[in-house]
Each structure stands twice: as structure tokens, then as C-alpha cells.
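Every number in this text was worked out from the coordinates using simple rules, so none of it is lab data. In this text, all values refer to a predicted model and were calculated from it rather than measured experimentally. Note: ideal-geometry Cβ built from the backbone for every residue, glycine included; neighbour counts use all protein chains shown.
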Amino acid sequence: MMWLLRSINNMSSQRRLFVLSLTSTILLVSFMIFLFYLGNKLIKAQSSKIEAAKEIKYKATNAHLWFEEIMSGDRGESIDDVWRDIDQADWYAGVLLDGGDNNVRKFYPLKDPVLRKDITSVRKALTRFEEIARKRYQNFSDSNPGTEIDIKFDTVFHEFIQLATSVETKLHRQVDIELSFYQKLSFFVIGVSTLLSFLLSRFLYRREALRSNLLTSLTDAQISIEEKNKKLYELAHYDFLTGLANRNLFIKRMDTALVQTMKGNGSVALLFIDLDHFKIINDQHGHHIGDRLLQQVAGRLLETVKDRESVYRLSGDEFVVLLNNFSALESSLLAAEQVAAELVGVLQNPYQLNGPVVFITASIGISVYPEDGINTEQLLTAADQAMYSAKSSGKNHFQFYSKELSRLIKLQAEVESDLRVAIQDDQFELHFQPQWQLATGKISGVEVLVRWRHPERGLLFPIDFIPVAESSGLIKKLDFLILRKAINQLEAWQNGNFDVGILAINISPVCFCQSDFLEKIRHYMKQTCIQANNVELELTESVLVENNQHSQMAIRELKQLGIRVAIDDFGTGYTSMSYLRDFSVDTLKIDRSFVAEIDTSKTSQIILKNMISLGVDLGLKVVAEGVETKAQEKFLTAQNCHTAQGYLLSKPLNSEALETFILSKKADNIISI
Ligand code: C2E
Ligand code: CA
Ligand code: CA
């Protein structure tokens with residue numbers, strides 16, 4: 001039974017319904033067969049009883065008939081036939097009481113006591129009939145019709161017939177009753193079994209419906225659990241903002257890629273991408289613009305790399321591109337170089353962000369397995385360090401990791417910690433490089449250039465510490481320290497009636513973009529008695545590009561304070577000339593690389609010419625940096641360049657040396673302020 005239930009449970013829903021309906025049909029048909037069998041048995045039993053009752057009458061009537069024939073003189077008939085018929089009539093009466101078999105059919109005894117009593121009476125009447133018949137046969141002569149014995153004979157026979165008929169009638173009635181009972185029973189049984197099979201089918205159908213509902217809801221639950229799991233997986237492995245795979249998935253895939261690469265002695269390359277000055281975009285335009293920018297950056301990375309499984313967002317503005325399946329180190333290096341170069345180019349194109357057009361660049365560091373590390377952590381650190389190195393050396397380019405780089409990074413870490421102490425203890429000296437008017441030869445100002453008197457390493461130049469100061473954020477403190485020292489120096493010179501003209505101070509873009517930059521400048525200017533227009537702040541052109549609105553506002557504020565503003569290293573960045581229109585600056589300092597190439601490059605001459613005339617036309621003071629030769633000075637003078645700065649006149653000098661220099665020049669009457 002259990003086995004049956006289990007097998008039914010294991011069936012498909014359709015098959016199960018079929019089996020169950022078949023079972024209820026078989027049940028119904030079985031009931032019918034049973035009823036048919038019962039009815040058949042009943043009819044057989046009752047018809048044998050009626051037949052027996054009829055035979056009693058028939059045999060006795062036959063006997064009576066033959067007997068009367070014999071008595072009326074027909075001696076052709078045998079009296080034995082009469083006695084045999086009476087015996088047979090009695091035999092039939094006997095089987096109605098005790099049952100029996102005449103080789104043709106079987107007779108069942110009557111159960112009804114009244115009928116049994118009647119049959120006994122019939123038998124008695126038959127006996128009486130036989131007795132009187134025998135008596136009459138023996139007294140043949142006295143038995144003529146009309147005699148007393150003849151009349152009694154008729155009376156006894158008549159009584160017998162009446163009794164036999166009554167039995168037959170009662171039997172008929174009983175058979176009718178039994179048949180009607182059977183009929184009712186059949187109807188009842190058929191009704192009940194139909195109802196039962198209907199209820200069974202209904203129950204089975206409902207159970208099946210319930211089961212399939214349960215199955216559907218179970219399937220639904222399973223689907224929703226699977227969907228939830230998928231969502232959880234996505235949350236854990238994908239970045240919500242850009243849709244890129246995140247750090248977790250990167251580590252998993254990188255680990256897998258390394259295991260496979262190790263087996264096949266292949267190579268893997270890792271590109272660590274970091275946006276330059278992304279913070280400025282966020283500060284200036286708000287986080288929603290920053291987010292859109294990150295989405296577009298992610299889109300460009302995918303478009304360039306063309307493989308979703310290779311691009312990851314680690315955090316903030318840090319992305320990683322994983323290039324694997326290389327059979328040799330050389331091929332991974334080559335591919336990494338190509339992809340990195342392409343990415344640098346693609347990422348620096350302007351971004352349309354449903355509002356402002358934003359410019360941003362990226363610095364990329366590259367590490368390769370097995371050269372730069374043998375596990376994910378080592379390779380990631382190496383790529384990260386290479387990226388920092390790319391940032392420190394000018395940004396907007398890529399750089400491979402190398403052992404030398406690793407040494408430099410260590411050194412940078414040392415520089416950073418020394419720099420903190422240096423700022424606190426003020427280990428800095430100011431050097432000043434004079435600028436002169438090309439038309440008159442007079443000194444028009446000096447640029448402040450910082451030097452670090454390192455307690456162990458001696459005098460250090462900006463190249464040794466400014467990039468570290470910028471990347472560590474220490475530049476802000478350093479620039480303000482230099483600014484204060486420079487203003488103090490200018491004040492001291494003015495107090496001593498020593499005129500150096502305009503004092504130009506370099507301000508790093510990192511410092512300029514700080515929110516409290518203007519506040520600090522205002523504070524310093526309030527504390528000093530020097531004229532604001534004797535101070536010029538030198539800003540690199542990247543400031544104009546990267547932080548458009550903030551820069552415009554800050555420059556306007558500086559102008560209101562009376563402070564002059566110069567664009568430093570003009571021509572090296574990617575400033576469109578049109579930026580100059582939007583910024584009210586005073587001075588344009590043309591980068592020394594253009595000046596250096598005057599003698600050798602016709603193109604540089606043309607560019608320089610155009611830059612100078614652009615500055616002049618815009619009403620700006622144009623300063624050429626790095627003037628080393630008389631020929632350069634001559635060329636610049638011919639182009640109407642206003643001012644020059646460079647070794648031709650003087651290298652940067654400390655304050656005393658500058659004072660001596662200026663005084664000697666004055667004395668020689670060569671250069672005057
Ligand atoms: P810069 O603002 O372009 O300064 C001019 C640099 O060119 C100076 O290098 C100067 O010594 C050098 N130079 C001047 N004339 C000539 C020349 O005729 N030939 C050659 N070959 N070089 C010449 P320095 O002093 O090493 O400064 C390097 C850079 O460091 C500066 O470039 C400036 O960007 C940065 N810097 C210097 N002082 C400060 C500072 O106080 N704050 C900040 N934020 N940056 C500073
Ligand atoms: Ca400068
Ligand atoms: Ca410069």
C-alpha cells in the first residue's frame with residue numbers, strides 16, 4: 001500500500017489524475033458486477049422456489065386427473081403414475097422445506113416460518129389426498145361419482161389446491177417483495193457508489209489542485225529566492241553606480257586568472273586607473289555630476305577594452321583593467337601598453353554631463369605577472385604604486401611598475417614623513433629669480449622658488465618634494481608657509497626701501513582648489529601692509545580646465561583684492577586658447593620648453609609667436625620663461641614679448657644674493673628697476 005502511494009506520489013500530475021480516475025471507475029464497475037451477481041443469485045433462488053410451488057400443484061393436479069380417468073374406467077392408465085406424481089408433488093414440497101437438487105436445478109429451503117408452516121399444511125393435505133385416493137382406488141365399486149367418498153376426495157383435493165395456490169401466491173408476493181427490496185438496494189448501492197466515486201474524484205481532483213497550487217507556490221518561492229540570491233550576488237559583486245564588477249569580484253577573478261596562468265606559464269597584466277583631480281569635479285559641480293562622470297568613464301573603459309569581465313571599479317575614482325590569457329610576458333607587456341595608451345587618449349576627451357562640459361584625465365599604473373608580483377595583492381600594490389608614480393610625474397599618462405619605481409616609492413614615503421617635520425620646523429628657504437622687461441632691460445619683478453634645506457640630504461629642489469607634497473596633500477600647508485614667508489620678505493624689503501618689483505608666488509592647483517584658499521589669502525593680506533598689486537599668484541593652466549567655475553570665481557575674488565594672477569607654464573597643458581577669454585588674468589608665462597626650442601624648431605617658433613601675439617592682443621603681460629641665450633632674448637624682443645626670466649640674467653638666488661645682484665646691476669647701471 002505504502003509502495004502504491006509512493007509510486008502515485010512520484011508520478012507526473014497528469015498520469016496521477018489518470019490513475020486515480022481509473023481507480024474510481026474500476027470501483028464503480030466492481031459495485032455493478034457485484035449487484036448483477038447478487039440479482040442473478042436472487043432470481044435463481046426465487047424462481048426455483050416458485051417452480052417448486054408450481055410443480056406441487058402441477059404434479060398433484062396431474063395425479064388427480066389420471067386418477068379420475070382411471071376411476072372413470074380408463075384402465076389404460078397406470079395407477080403407479082398417479083402415486084409417482086403425488087410423490088413428486090411431495091418431493092417438491094420437501095425441497096421447499098429442506099432444499100435439494102433434481103439434477104436440473106438447485107432448490108433452496110424457505111426461511112420464512114409462515115411459509116414453512118403453509119408448506120407443511122400442503123404436505124399434510126397432499127398426504128390426506130393420497131390416503132383418500134388409495135382408499136377410493138381400493139373401494140373402486142363404492143367410488144362412483146356422487147358417492148360420499150368421491151365427494152370427500154374432491155373436497156380434500158380442493159383443500160389441497162387451495163393451500164398450494166395460497167403457498168404459490170405467498171411465494172410470488174415474497175419474491176415480489178424481495179425483488180423490490182433488491183431493486184431498492186441496487187438503486188441505493190449504485191447511488192452510494194456513484195456518490196462515493198464522485199466524492200473520491202472530487203477529493204482527488206481537489207488534492208491534485210492543491211498539490212499543483214502548492215507546487216506553483218513552491219516554484220514561485222524558489223524563483224523569488226533565486227532572484228533574491230541573484231540580487232544579493234550582484235550587490236556583493238557589482239558596483240551599483242556604474243554596473244561594473246567590484247573589488248570582490250575582481251579579487252576572485254584575478255585569483256582564478258593567476259591560478260590558470262601559473263599552470264600554463266603565461267602572463268597577466270593589471271592596469272590601475274585613477275582619475276586626476278576627480279575630487280575637484282565633485283567639490284565644484286556636486287556629487288551627482290561626479291557620479292555621472294564616473295558612469296561615463298566606466299562606459300569608455302568598457303568601449304575600449306570591449307570585455308565586461310576585464311573592467312572593475314575598485315572604489316571612488318579607481319578602476320582596474322585585467323588583461324589575461326597571454327602566453328608570454330612580452331605579449332602581456334605589449335597589450336598593456338596599447339590598452340593603457342588608448343585609455344589615456346579616450347579618457348581625456350571632454351565629458352558632456354547634461355549640463356557642464358567636464359575635462360578630466362587619468363593616470364594609469366601597470367603591473368605584470370610574474371615580473372612584478374605573484375599574487376593579487378602584490379600585483380595590485382605594484383600597479384597602484386606605478387599609478388602614483390604616473391601622477392607624481394605629471395599625470396595624464398601611464399607608467400609600468402619597476403624595481404626602480406619601488407625604490408622611488410619608498411623614498412617618496414620617506415620624503416613625505418620628512419616633509420611633515422620640515423613644514424613644522426620650517427626647513428625651507430626662498431630663492432628668487434628676477435624677471436626683466438625686454439624693451440627696457442629693467443628688472444620688473446622676481447619669482448619665488450622654494451628650496452628645502454634637508455638636515456641630512458642638503459639643499460633639495462622642488463622636483464624632489466613638490467610632487468610628494470601634492471600627492472600627500474601637504475602642499476596646502478607648504479604653499480601657505482611659502483606665501484607667508486614671501487610676503488614677510490617683501491614687507492622687509494619694502495621697509496628697507498629695497499624694490500624688487502612684483503613678487504610672483506607659485507600656487508599649486510591642489511592648494512588653489514581648497515575651499516578655504518581665498519579666506520586664507522584675505523587673512524594674509526589683512527595682516528600685511530604691502531600693496532596687493534605687488535603680489536602675483538602663478539597658477540598652472542590645468543586649474544582653468546579642471547575647475548572652471550570655481551577658478552573663475554576665485555580669480556575674480558583675487559582680482560578684487562588687487563592681487564595679480566599669472567598663468568604658469570602656458571602651452572604645456574591642454575588649455576584651449578578660448579579659456580583665456582573666460583578668466584581675467586594679468587600675466588601669461590610661456591613655458592620654457594618653447595623658448596628652449598627657438599633655435600632648433602621652426603614649429604616652436606611659430607607657436608611661440610602666436611602665443612605671444614595672443615597674449616599681447618588680449619592685453620596680458622607676456623613672460624617668457626627659461627631664457628638662456630641672447631638669441632632667444634632677441635627673438636622674443638622682436639615678437640614684442642614683454643618680459644623674460646631665465647639663466648641669461650640670473651639663476652634663482654637667495655634673498656641676500658638677490659639683494660647683492662640687484663644692487664650690483666644698479667651700480668653698473670645695466671639694469672634698473
Ligand atoms: P616654474 O614655476 O616653472 O619655475 C621655473 C623653474 O624653471 C625653476 O625651477 C627655475 O629654476 C627654472 N628655470 C628658470 N630659468 C631657467 C633657465 O633659463 N633654464 C632652465 N633650464 N631652467 C630655468 P625650480 O626652482 O626647480 O622649480 C621647479 C618648479 O617647482 C617650478 O616651476 C614650480 O612649478 C615649482 N615650485 C617652485 N617653487 C614653488 C613653490 O613655492 N610652490 C609651488 N607650489 N611650486 C613651486
Ligand atoms: Ca612659476
Ligand atoms: Ca613656469
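Couple of notes before you dig in:
- To the nearest ten degrees, helix 148-237 and the longest principal axis of the Cα atoms of the chain are 10 degrees apart.
- Separation between Cα centres of region 434-510 and region 596-655, rounded to whole Å: 21
- The angle between the Cα long axis of helix 517-527 and the main principal axis of the chain comes to about 30°, on a 0 to 90 degree scale.
- Based on Cα contacts under 8 Å between residues 6+ apart, the chain shows a relative contact order of 8 percent.
- Relative contact order of region 311-469, pairs being alpha-carbon contacts under 8 Å that are 6 or more residues apart, as %: 13
- For the chain, the spherically averaged projection of the C-alpha convex hull amounts to 59.1 nm².
- Other residues whose C-beta falls under 13 angstrom from the C-beta of Leu179 contribute a net charge of +3, scoring Lys and Arg +1 and Asp and Glu -1.
- Percentage of interatomic Cα-Cα distances in region 1-134 larger than 24 Å: 54
- Cα-based helix-to-principal-axis angle, 475-495 vs the chain, degrees rounded to 10: 20
- The packing ranking, built from the mean of other Cβ atoms within 10 Å per residue, places the peptides 444-450, 212-218 in the order 444-450, 212-218, highest first.
- Residue-wise HN-Hα couplings along region 420-437, as the Karplus relation 6.51 cos²θ - 1.76 cosθ + 1.60 with θ = phi - 60° gives them from phi, are 4, 5, 4, 5, 5, 8, 6, 8, 9, 10, 9, 10, 10, 10, x, 10, 10, 6 Hz; Gly and Pro carry x.
- Whole-angstrom gap from region 364-403 to region 47-107, using each part's C-alpha centre: 129
- Local electrostatic count, Lys306, Cβ distance below 15 Å [Lys/Arg +1, Asp/Glu -1]: -2
- D by Stokes-Einstein for region 519-562, Kirkwood Rh over Cα pairs, 10 °C, 1.306 mPa s: 139 µm²/s.
- Rounded to 5, the percent of DSSP beta bridges in the chain classed as antiparallel: 60
- Around Val297: net Lys/Arg minus Asp/Glu count, Cβ-Cβ under 13 Å: -4
- Divide the volume of the convex hull around the Cα atoms of region 125-166 by the residue count and you get 47 Å³ per residue.
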